[in-house]
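Participant: Following this message is one structure expressed as structure tokens.
The values are calculated or read from the model by the stated rules, or taken from the named source; none is laboratory data. The structure displayed is predicted, hence computed values, not measured ones. Because the Cβ atoms are built from the backbone with ideal geometry, glycine has one as well, and the counts that use them run over all protein chains shown. Quick note on the areas: whole protein, heavy atoms, side chains included, nothing else; ligands and nucleic acids left out. Shrake-Rupley method; radii C 1.70, N 1.55, O 1.52, S 1.80 Å.
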Amino acid sequence: MIKFHLKCAQDHEFESWFQSGDAFDKLVAAKMISCTACGSPDVKKTVMAPAVSTSNAISVPKPAEAALAAMRDKVEKESDYVGDAFAKEARDMHDGVVPERSIYGQANLAEAKKLVDDGIPVVPLPFMPRKKTN
């Protein structure tokens, strides 16, 4: 995993984690990354200094981290986790096979791109879903 400092065309700055530099490049090319402030898909990496801890003290979360935690809590509370079946479930809802509802889960890049290409509205989450157990 790698964290990049990002900036959109409107000069909004934010950070996000990616599986790799190549994964970031593929997501940008597929227009699957957007600004957290304005939604612009015109996002670029910026220079970022490495984070080096000089203390053993635990730091208080930054406002962006707190907002991300709140978003995660809201998604997990108000949406159904469908795991690896995300692409199929999103397509079935779009096609009217199953009732529409808020869902989240995992899809590989090819599945996500196919959904977007087919006009099925999806958005990547800025966090990895927690594994659910029933």
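Participant: Using the beta-carbon distance between K114 and E15 and R0 = 35 Å, what value does 1/(1 + (r/R0)^6) give for FRET efficiency, to the nearest 0.05?
Facilitator: Calculated transfer efficiency: 0.80.
Participant: With every protein chain left in place and a probe of 1.4 Å, what is the accessible surface of V122, to the nearest 10 Å²?
Facilitator: My reading of the accessible area for V122 is about 40 Å².
Participant: Continuing with the same structure: Compute, for the range 1-44, the length of the dipole vector about the Cα centre, with Cβ point charges of +1 (Lys, Arg) and -1 (Asp, Glu) only. Units Debye, rounded to 20.
Facilitator: Numbers: 5 positive and 6 negative charges, 18 e Å.
Result for the range 1-44 is approximately 80 debye, rounded to the nearest 20.
Participant: Amide H of G83 versus every other amide H placed in the peptide plane: which residues, excluding those fewer than 5 positions away on the same chain, fall under 5 Å?
Facilitator: Answer set, sorted by chain and number: Q106.
Participant: At a 10 angstrom cut-off on C-beta neighbours, averaged per residue, how do the peptides 5-18, 108-121 rank from highest to lowest?
Facilitator: 5-18, 108-121
Participant: Please find the FRET efficiency linking K44 to V98, where r is the Cβ-Cβ separation and R0 is fixed at 35 Å, and quote it to the nearest 0.05.
Facilitator: 0.40
Participant: Which of the following values of semi-axes √(5λ) of the Cα gyration tensor in Å was calculated from the structure shown: [x] 28, 19, 13; [y] 23, 17, 14; [z] 55, 14, 9?
Facilitator: Evaluating semi-axes √(5λ) of the Cα gyration tensor in Å on these atoms matches [x].
Participant: Sum -39500 (n - 2.57) across every DSSP H segment of at least 4 residues in the chain, then divide by the residue count to get the 222 nm mean residue ellipticity, nearest 500. Walk me through the intermediate numbers first.
Facilitator: Details: 4 runs with 43 residues, N = 134.
That calculation yields -9500 deg cm²/dmol at 222 nm.
Participant: Please list 3J(HN,Hα) in residue order for the range 115-124, calculated via the Karplus relation 6.51 cos²θ - 1.76 cosθ + 1.60 where θ = phi - 60°; whole Hz, with x for glycine and proline.
Facilitator: 4, 4, 4, 8, x, 8, x, 9, 9, x
Participant: Where both residues lie in the chain, what percent of DSSP beta bridges are antiparallel, nearest 5?
Facilitator: Just about 75 percent of them are antiparallel.
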